[in-house]
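A short worksheet on the structure shown next.
The values are calculated or read from the model by the stated rules, or taken from the named source; none is laboratory data. Source: prediction; values computed, not measured. Counting neighbours? That spans all protein chains shown, and the Cβs are built from the backbone with ideal geometry, glycine included.
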Amino acid sequence: MLLQVLGTAAGGGLPQWNCACPGCAGARAHPERRRRHACLALRAGPDRWYVVNATPDIGEQIEGCPDLLPAPGPAADTRRSPLAGVVLTDAELDHTLGIARLREARDGFDVLATAPVTGAVRDRLGLGAVLGPYTKVRWRELTGTARELDDGSTVTVSAVPVSAKRPRYASGTGPEAPVWSVALRLRDTAGGRTVLYAPALAAWTDAFEAAAREADVLFVDGTFWDDEEPRRSGFGTDTATGMGHLPVTGPGGTADRLARLPGRCLYTHLNNTNPLGDPGAEQHRHLADLGLEVARDGMVIEL
Ligand code: MLT
Ligand code: MN
Ligand code: ZN
């Protein structure tokens, strides 16, 4: 299985366009600290790739990843792409706005998402009707049962529930869905290796623990360093947990739990207030002592 990390930031990115916090100012002064919105590219087969979540940065993310660029070909027929589709973990805007940027797709593309997420993105956000005149979006259902990512692909994908928090734009609409956000269990049936991708994790459930135990590589919600970070930094009135993101450390923190797992663990979806955005921050040593990593834009993982 071949994965490429195209971005590792939470909503807003690093820096965020309207933010002067130390993290954003630091990323402007030190371009190597910049992070694009959290996204993973996943190879489904020869010249066929999917992205996990379609971020507002998707155009630049594709341009920065040679495997996702159109191959050379006849001058009379220039529009093509190895990008076959998008798999969604949730319906949040930082994970779905990029779908609209794919409107030029000549042959359309697939979107794999759970039923509540499809309802929010296709119907409530209106991307189904908006994109209809431009391209063909094939909406495919994602459930807890493993299904092939692509026809004939040895990579399968299934959903593990992680959060009931719905996007703000979808509040008060449609039936209550107890699961709005899922972790993705990506499995290479040929090699038998498994990746768990969880950019949002609201609670450490038994189902998540079971999936985490058998994963060879885990990407986990690193939005906030501790529970008070959103309030301390002044941009929110809620705790990290209240916002649907277990913090890395402190009460309810995920680091100690991840340290006990057999797989390789990397934090992703870092908010711009998270001290981990500064490579010189002392917090990195704490994670390194636990054997944990922070994912970086541009990482390639083959397993
Ligand atoms: C989240 O990760 O919690 C969301 O992206 C927050 C938001 O954009 O409202
Ligand atoms: Mn987010
Ligand atoms: Zn900021």
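The numbered conditions (1) over 19 Å from the mean Cα position of the chain (by Cα); (2) farther than 17 Å from VAL52 by Cβ are all true for ARG166 except (1).
Taking the numbered list (1) in contact with a helix residue (DSSP H, G or I) (Cβ under 8 Å, 6 or more places away or on another chain); (2) under 19 Å from THR89 (Cβ atoms); (3) not basic (Lys, Arg) in turn, GLY244 passes all entries but (1).
Annotation note: Cβ proximity below 6 Å between a residue of the stretch 116-137 that is part of a strand (DSSP E or B) and at pLDDT 95 or above and a residue that is among the hydrophobic types (A, V, I, L, M, F, W, C) and surrounded by 14 or more Cβ atoms within 10 Å (Cβ to Cβ) (sequence gap 6+ or interchain) occurs for VAL137/VAL111; VAL137/LEU131.
Being assigned to a helix (DSSP H, G or I) and more than 16 Å from ligand 3 (Cβ to nearest atom) is a property that holds for ASP67. Does GLY253 fit the bill of being more than 14 Å from ligand 1 (Cβ to nearest atom), more than 19 Å from the chain's Cα centre (by Cα), surrounded by 14 or more Cβ atoms within 10 Å (Cβ to Cβ) and over 16 Å from ALA295 (Cα atoms)? The answer is yes for GLY253. Tallying residues that are at pLDDT 95 or above, of a type outside the set (D, E, K, R) and in contact with a Lys or Arg (Cβ under 7 Å, 6 or more places away or on another chain) within the stretch 56-83 yields 5. Among the residues in the stretch 206-215, are any buried (at least 16 other Cβ atoms within 10 Å of the Cβ), under 22 Å from ARG296 (Cβ atoms) and within 14 Å of ligand 2 (Cβ to nearest atom)? Scanning the stretch 206-215, I find no residue that is buried (at least 16 other Cβ atoms within 10 Å of the Cβ), under 22 Å from ARG296 (Cβ atoms) and within 14 Å of ligand 2 (Cβ to nearest atom), so the answer is no.
The residue list SER153, SER163 contains one member that is out of contact with any Asp or Glu (no Cβ under 7 Å at 6 or more places or on another chain) and within 16 Å of ligand 2 (Cβ to nearest atom), which is SER163.
Residue by residue, here is whether (1) out of contact with any helix residue (DSSP H, G or I) (no Cβ under 7 Å at 6 or more places or on another chain); (2) within 21 Å of ALA113 (Cβ to Cβ) holds:
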| site | (1), (2) |
| --- | --- |
| LEU6 | no, yes |
| LEU14 | no, no |
| CYS19 | yes, no |
| CYS24 | yes, no |
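Scanning the stretch 16-40 for residues that are within 30 Å of ARG185 (Cα to Cα) and either of a type in the set (Lys, Arg) or crowded, with 23+ Cβ neighbours inside 10 Å (or both) yields ARG33, ARG34, ARG35, ARG36, HIS37, ALA38, CYS39, LEU40.
Being within 16 Å of ligand 3 (Cβ to nearest atom), buried (at least 18 other Cβ atoms within 10 Å of the Cβ), among the acidic types (Asp, Glu) and at pLDDT 95 or above, is that true of even one residue in the stretch 225-239? Break it down into steps so the answer makes sense when it comes.
Initial filter on the stretch 225-239 (within 16 Å of ligand 3 (Cβ to nearest atom)): 225, 229-236.
From what is left, the residues that are buried (at least 18 other Cβ atoms within 10 Å of the Cβ) are 225, 229-230.
Filter once more, so that each one left must be among the acidic types (Asp, Glu): 229.
Filter once more, keeping what is at pLDDT 95 or above: 229.
Yes - at least one qualifying residue is present in the stretch 225-239.
From the set of residues in the stretch 138-174 that are assigned to a loop (DSSP other than H, G, I, E, B) and among the hydroxyl-bearing types (Ser, Thr, Tyr), which is surrounded by the most Cβ atoms within 10 Å (Cβ to Cβ)? Step by step, filter the stretch 138-174, then rank; the result is SER153. Flag set for ALA54, criterion: among the small types (Gly, Ala, Ser), closer than 20 Å to SER158 by Cβ and either part of a loop (DSSP other than H, G, I, E, B) or touching a residue at least 12 places away in the same chain (Cβ under 8 Å) (or both).
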